[in-house]
Amino acid sequence: MLLQVENISKSFGDRLLFENVSFSIDAGERYAIVAQNGAGKSTLLKIITGNEAQDTGSITFQKDTRIAFLSQTPEFPAGATISEACFHTKNADIDQTAEQYHVNIKQILGKLDIHDLNQKIETLSGGQQKRIALANVLISEPDLLMLDEPTNHLDLQMIEWLEELLKRSKMALLIVTHDRYFLDSVCTDILEISEQQMFHYKGNYSYYLEKREERISNFNAVTERMKNLYRKELEWMRRMPQARGHKARYRTEAFDALDKRAHENIIQDNVQLNVKSAYIGSKIFEAQYISKAFGDRVLLKDFYYNFSRYEKMGIIGANGTGKSTFVKMLVGEVEPDSGRFDIGETVRFAYYSQTGMKVNEGEKVIDAIRNVAEVVDLGGGRKLTAAQMLNHFLFPHEKQYDYIEKLSGGERRRLNLCMVLMMQPNFLVLDEPTNDLDITTLNILEEYLINFKGCVIVVSHDRYFMDRIVDHLLVFKGNGEVKDFPGNYTDYRLAEKSKAKVENANKVATQQNESEKRERKHTEVKKLSYREQREYEMLEKELEELEREKNEIEDALAHPDESDMKTQIARYKEVKDIIDEKEMRWLEIAEKLS
């Protein structure tokens, strides 16, 4: 057993994150932790790695177990280059020579689109630094690898590469991620933190969803039975005289426990959020031959697109191909080098960016929402207050009065999303909306977007999210090339795999044909002398020319010219004789090849 976690509890002030959490991980097992934002997923990882102290319980590692941890905010030595940062974390126990290590780290960094090893770490974006930290923990080949949101800042191709690498690896894993396809593909066990407790599901994400639904149904059924019993006991308590015997005292004490259980909240998971959007006309926007470049890096070149009413479009592509720049140009934050966006008069954009909306850190959550709007219109005369909207986004009443500076990264993203939707737009532009959001919030957002009576553009690396929301894609391929694909992400990947299979089959067939030609030529050369080979090739050319001349004379004799007829007949006989002679010699040489 590599890791044993026993009865871990953690609180911050009077806020309990989790209590008496226990689990163990053996070699080769791949665990994931799932929970709502703020429930303590990252804190639990920090406790296990020794970066945070627990209130109670113990953490035990098997002797000589090597661990590696990817945090959400990795740190590097000041002034280090990428190369120095990678070698700085090299584990001396790894059975690799310096040369092997250098080759391997370059290969992994290449897969993560990091190529200049002499570049200073501080000149890189946060996403690039996270990818370097990921390369570091992968190359260290630990017995137990712990990853906190490893797919954030990776493009789709990188995520699929990482999935395959982890599935093939012998490393044990403990992962926090909201990527549901990743969970389904990689993980063998799911640990859910809910209601300050931990629940263990022995299976992948699909299995977890099925069994979790069963647990919630059972919990709710028991709660209903407890409520019925509570009502009976309450009636008995009211009827009983003050002087009670031993049995009555026992029943009274049991009533207190029953009271608590009967009033536990039923787990609410299927939150519906149907906010009415503003009217949108038939004209949406037209991208009229847009071009954009930064130096030599071309992002768009004469790009044209006419966006349709109620369209839900996904934008995918490798990092740096221009996805975010495109949406910034659309909402007016960045100017194109040439071309223009012709936008309909009724269009009301709401832009959810990676950096988020500006908020006052010293402001309360409820006040930040009220600054956007006091109420939102649900249609049919129904309204939703700012407090009710926050409740939909998993901010209970007491949390609404927290100061923004106290929120976790995921909670801030959730607040930002709530603020955007409070604007009641008819055109949503979402740039990486799933980063740092928990799965429950993602489900709420997905249901909202599916029912949204407006237009949507989503830039995202979350494959599950894209499959549920979009009806077609713009694929940014780099160097200004953009492909319009009808369908969702899985449709696109299947089409690409099918295309690759055909191209590969054609390539194999071409190589086979070339190989057969070379083999025939080699065989011919072996059976004939050099002089015979040259003669054989010359005879083929000469016979071709003679046949052509013979056909031309036959055509001429069909429309004879008296002055030249004798000459043509004489040449015809001569050509026939030469053909017969050369064909005999060609057959003689050809027999040696058969």
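The values are calculated or read from the model by the stated rules, or taken from the named source; none is laboratory data. Note that this is a predicted model, so its numbers are computed, not measured. Glycine also receives a Cβ, built like all others from the backbone with ideal geometry; neighbour counts cover every protein chain displayed. To get the accessible areas, we keep the full protein, side chains included, count just its heavy atoms, and leave off ligands, DNA and RNA. Shrake-Rupley method; radii C 1.70, N 1.55, O 1.52, S 1.80 Å.
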Review point. So which residues in segment 445-488 are basic (Lys, Arg) and in contact (Cβ under 8 Å) with a residue 60 or more places away in the chain?
Key: 453, 463, 477
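Which members of segment 42-52 meet the condition of being outside any loop (DSSP other than H, G, I, E, B) and either out of contact with any Leu (no Cβ under 9 Å at 6 or more places or on another chain) or closer than 20 Å to residue 170 by Cα (or both)?
To start, the set of residues in segment 42-52 that are outside any loop (DSSP other than H, G, I, E, B) comprises 42-48.
42, 46, 47, listed by residue number.
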Exercise for review: Return only the number of the condition from (1) assigned to a strand (DSSP E or B); (2) touching a Leu at 6+ places or on another chain (Cβ under 8 Å); (3) polar (S, T, N, Q); (4) farther than 26 Å from residue 66 by Cβ that residue 20 does not satisfy.
Suggested key: (2)
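Of everything in segment 92-121, what is assigned to a loop (DSSP other than H, G, I, E, B) and either modelled with pLDDT of 70 or more or in contact with a helix residue (DSSP H, G or I) (Cβ under 9 Å, 6 or more places away or on another chain) (or both)? Give them in sequence order. Walk me through it before giving the result.
If we filter segment 92-121 for residues that are assigned to a loop (DSSP other than H, G, I, E, B), which is where we start, we get 92-97, 112-119.
Passing the criteria: 94, 96, 112, 113, 114, 115, 116, 117, 118, 119.
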Review point. Scanning for something within 30 Å of residue 447 (Cα to Cα) and either in contact with a strand residue (DSSP E or B) (Cβ under 6 Å, 6 or more places away or on another chain) or at pLDDT below 85 (or both), does segment 242-257 turn up at least one residue?
Key: no
Point to revise | Members of segment 275-308 that are farther than 12 Å from residue 343 by Cα, among the charged types (D, E, K, R) and part of a loop (DSSP other than H, G, I, E, B) | key: 276, 296
Point to revise | Lone unmet requirement of (1) more than 23 Å from residue 312 (Cβ to Cβ); (2) surrounded by 14 or more Cβ atoms within 10 Å (Cβ to Cβ) for residue 335 | key: (2)
Point to revise | Every residue from segment 351-402 that is out of contact with any helix residue (DSSP H, G or I) (no Cβ under 8 Å at 6 or more places or on another chain), farther than 19 Å from residue 444 by Cα and open to solvent by 90 Å² or more (accessible area, probe 1.4 Å) | key: 355, 358, 371, 382, 398
**Study point:** Matching residues, segment 181-197, being under 19 Å from residue 460 (Cα atoms) and either surrounded by 22 or more Cβ atoms within 10 Å (Cβ to Cβ) or of a type in the set (A, V, I, L, M) (or both)
**Key:** 182, 183
Check your understanding: Can you name the residue in segment 53-84 that is acidic (Asp, Glu), part of a loop (DSSP other than H, G, I, E, B) and free of Cβ contacts under 8 Å to residues at least 12 places away in the same chain and, of all such residues, is nearest to residue 188 (Cα to Cα)?
Key -> 64
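Could you list all residues from segment 428-439 that are open to solvent by 20 Å² or more (accessible area, probe 1.4 Å) and either of a type in the set (Phe, Trp, Tyr) or modelled with pLDDT under 85 (or both)? Break it down into steps so the answer makes sense when it comes.
As a first pass, look at segment 428-439 and keep what is open to solvent by 20 Å² or more (accessible area, probe 1.4 Å): 432, 436, 439.
Correct list: 436 only.
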Check your understanding: Among all residue pairs at least 6 apart or on different chains, which show Cβ distances below 9 Å where the first residue, located in segment 1-14, is touching a residue at least 12 places away in the same chain (Cβ under 8 Å) and farther than 14 Å from residue 58 by Cβ and the second is acidic (Asp, Glu) and outside any strand (DSSP E or B)?
Key -> 2/26; 2/29; 2/143; 11/55
Exercise for review: Spot the failing condition for residue 425; the list is (1) assigned to a helix (DSSP H, G or I); (2) open to solvent by less than 40 Å² (accessible area, probe 1.4 Å); (3) not hydroxyl-bearing (Ser, Thr, Tyr), and only one is missed.
Suggested key: (1)
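Restricting attention to segment 127-170, and to residues there that are open to solvent by 20 Å² or more (accessible area, probe 1.4 Å) and not in a helix (DSSP H, G or I), which single residue is nearest to residue 45 (Cα to Cα)? Steps first, answer last, please.
Here is the first cut: in segment 127-170, the residues open to solvent by 20 Å² or more (accessible area, probe 1.4 Å) are 128-129, 141, 143, 153, 157, 160-161, 164-165, 167-170.
When the remaining residues are screened for being not in a helix (DSSP H, G or I), the result is 141, 143, 153, 169-170.
Working: 141: 19, 143: 16, 153: 20, 169: 21, 170: 21 Å.
That would be 143.
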Review point. Assuming residue 290 fulfils every condition listed in (1) under 37 Å from the mean Cα position of the chain (by Cα); (2) modelled with pLDDT of 65 or more; (3) open to solvent by 30 Å² or more (accessible area, probe 1.4 Å) apart from one, which condition is it?
Key: (3)
Practice item. Would you list the helices (runs of 4 or more DSSP H) that sit entirely within segment 460-568 and hold 1 or more residues that are among the polar types (S, T, N, Q), open to solvent by less than 80 Å² (accessible area, probe 1.4 Å) and modelled with pLDDT of 85 or more? Key: 489-527, 530-558
Point to revise | Qualifying positions in segment 333-378 - farther than 21 Å from residue 448 by Cβ, of a type in the set (Lys, Arg) and without any contact (Cβ under 8 Å) to a residue 24 or more places away in the chain | key: 358
Review point. Can you name the residue in segment 36-73 that is on the phi > 0 side of the Ramachandran plot and not acidic (Asp, Glu) and, of all such residues, is surrounded by the fewest Cβ atoms within 10 Å (Cβ to Cβ)?
Key: 50
